[in-house]
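Following: one structure in structure tokens, then a few remarks.
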Amino acid sequence: MLKRSFFGLVAAAALVSACSGEIGGASAGARQGPAPGSGSAEGAADPTDLTDDPFPQDDPTCSSAAAVVGASDGWQSRQASEPAFETLEFEVMARPEAANIDALVAVGSDDISDFSDGAMKVRFADDGFIDARDGSVYDSDVAIAYEPGVWYTLMISADIASRTYDVEVARCGEPPEPLITGAAFESEAAVSDQLTTWAAWSSQSAKLDVATPSWVSSGSCAPATCPSLGVECGEPSNGCGSSLSCGGCGSGQTCGSGGICIDISSPPPPRPLPPLPGDGTDRPWANNTGPTNVGALVPSGSITISTDGAVVENLDVTGQITVTADNVTIRNFRIDASGSWYGLQNSGGSNLVIEDGEVFGSRSAGVLGSNLTARRLYLHDHGGDALKVGSNSLVEYCFIEKNGTNADAHADGNQTRGGSNITFRYNNIWMPSPGTSNYPGTPYKSNAAFMLELGISNFVVENNWLNGGTYTVYCPSPEMSGVIVRNNRFGRDYQYGLRAGNCAEWSGNVWDNNGNPTP
């Protein structure tokens, strides 16, 4: 492990006059703690620049923060000035606003927008101590307590080849103290051969002030070419942080597994819709959603669909389907995302139709995108959420269960952060909370059937079966126009209640077990 002393932001003697109180109590002995994020909402990516008022690295005063991460900010993720391929020395100043805050600073390979992202993490834990991620747990070699209102310098020294790192912590005006040595990169994070991003997060109860970091990297990257990768289409990564342009496919083809052109078929006749909600026996379940003909499925790796009007069917994909074209239809399929960020991602295409498919095993969400129709999907066993659906979308007759397999997941049936003209109808979102009679057991989490956050309008949730969550439905607060929850049947396997926040309309909703109106 590369190791150096780099408490070089400021001179310790100059800092002492600006810091108050005694250094937080530190005692020998390792400690482990639970994952962060015990609040009700999963953090989501926010491109806000964290350095709108940069903290000078040689300022001896430990003055105000460069940026704020708090309840309204969620995850704050920023690309570094250059990637690190061999080693990284990352140094940042952070100040917790309150005692027993739940907040962290992370470094990783891609955009950091979820608790499962990020290879290295240093946490201000809610028990009042600082610790770091070591593989699948949070741990430390010594106990370092922290105090509110005090600046702490976090120093991370990483060796990318061995996937390990050391952390030192220095209270404002004090020399650094080793926190942990030889910690392993987070076991759930997808880490490439380079580190490119840093981020910060805080719980909704308090904020974390973060100053401009120092990022010192070493190593270089030899970019791949289309021939060296053996691909003939698509835009694969060159392995050095950029994408290649390997061309497109001919008429009647789409870019398939491993960048190889494959034939596409003409559309089969549409499958009839199941009955509308009734006594519950006809609702979507695993046995009436998903592929219509499993025997016809053909194995495939990840594919990118870039042909307008393509109809792709009968694929058994290990990896991810990415759609960049308009008017694409995907039907009779199965996706084992196998740790990919998403099972299916609509990256700019319009009028996408996804029907009769099973999607499982993603790191973040089963389906991500806007301008789509999702129909009769079976979505389960995702690291985070089943769906992250944006504007101009319809989701109907889908069955969602057993998500939140990541250790730090805040699992939602659907999470939408901004968007309009979105409808969910005739879906069965079955997410019993831990401690309820129908909870399926570990490792599953349940935050909400619907997590709706500010910037949403004309979002309609009607005629669904909804069960579970900390709260089953989170509406934007303060009240937003056009968030309508009506004529749904609710189960009682939640932790705190049916809803949090204010929906523009809540009407016609009943308890599933007896048909009586909900509050």
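Read the figures in this text as sums done on the coordinates, not as results from a lab. Keep in mind that this is a model prediction, so the values were computed, not measured. As a convention, Cβ positions derive from the backbone with ideal geometry for all residues, glycine included, and neighbour counts pool all protein chains shown.
Numerical summary
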quantity: Residues with amide H under 5 Å from that of LEU179, placed H, sequence gap 5 or more; calculated: VAL167, GLU168, VAL169
quantity: Integer Hz, Karplus 6.51/-1.76/1.60 couplings in order for the range 99-110, x for Gly and Pro; calculated: 6, 6, 6, 10, 8, 7, 10, 10, 10, x, 9, 9
quantity: Against the rule of thumb 2.2 N^0.38 Å, how large the Cα Rg of the range 143-222 comes out; calculated: 1.26
quantity: Added length on full extension, which subtracts the Cα-Cα distance from 0.36 nm per residue, LEU394 to ALA99; calculated: 101.9 nm
quantity: Diffusion constant of the range 320-447 at 10 °C, which comes from Stokes-Einstein with the Kirkwood Cα-pair radius and 1.306 mPa s, µm²/s; calculated: 111 µm²/s
quantity: Karplus 3J(HN,Hα) series, Hz, for the range 411-416 with 6.51 cos²θ - 1.76 cosθ + 1.60 (x for Gly, Pro); calculated: 7, 10, x, 9, 10, 10
quantity: Global form of the range 250-511, assessed from the alpha-carbon gyration tensor, a/c cut-off 1.5; calculated: prolate
quantity: FRET efficiency estimate (nearest 0.05) - Cβ-Cβ, ASN351 to GLU232, R0 35 angstrom; calculated: 0.80
quantity: Label-point gap, in nm, between THR436 and ALA224 - each point 7 angstrom along Cα→Cβ; calculated: 4.4 nm
quantity: HN-Hα J in Hz across the range 451-463 - Karplus 6.51, -1.76, 1.60, θ = phi - 60°, x for Gly and Pro; calculated: 10, 10, 10, 3, x, 10, 9, 6, 10, 10, 10, 9, 6
quantity: Placed amide H near ALA80: partners under 5 Å, 5+ positions off or other chain; calculated: THR197, TRP198
quantity: Gain on full stretching of the segment that runs from VAL216 to ALA145 - 0.36 nm per residue minus C-alpha separation; calculated: 22.8 nm
quantity: Total formal charge among the other residues, if their Cβ is under 10 angstrom from that of THR329, Lys/Arg +1 and Asp/Glu -1; calculated: -1
quantity: Extension reserve of the ASN487-ASN513 stretch, reckoned as 0.36 nm per residue once the Cα distance is removed; calculated: 7.9 nm
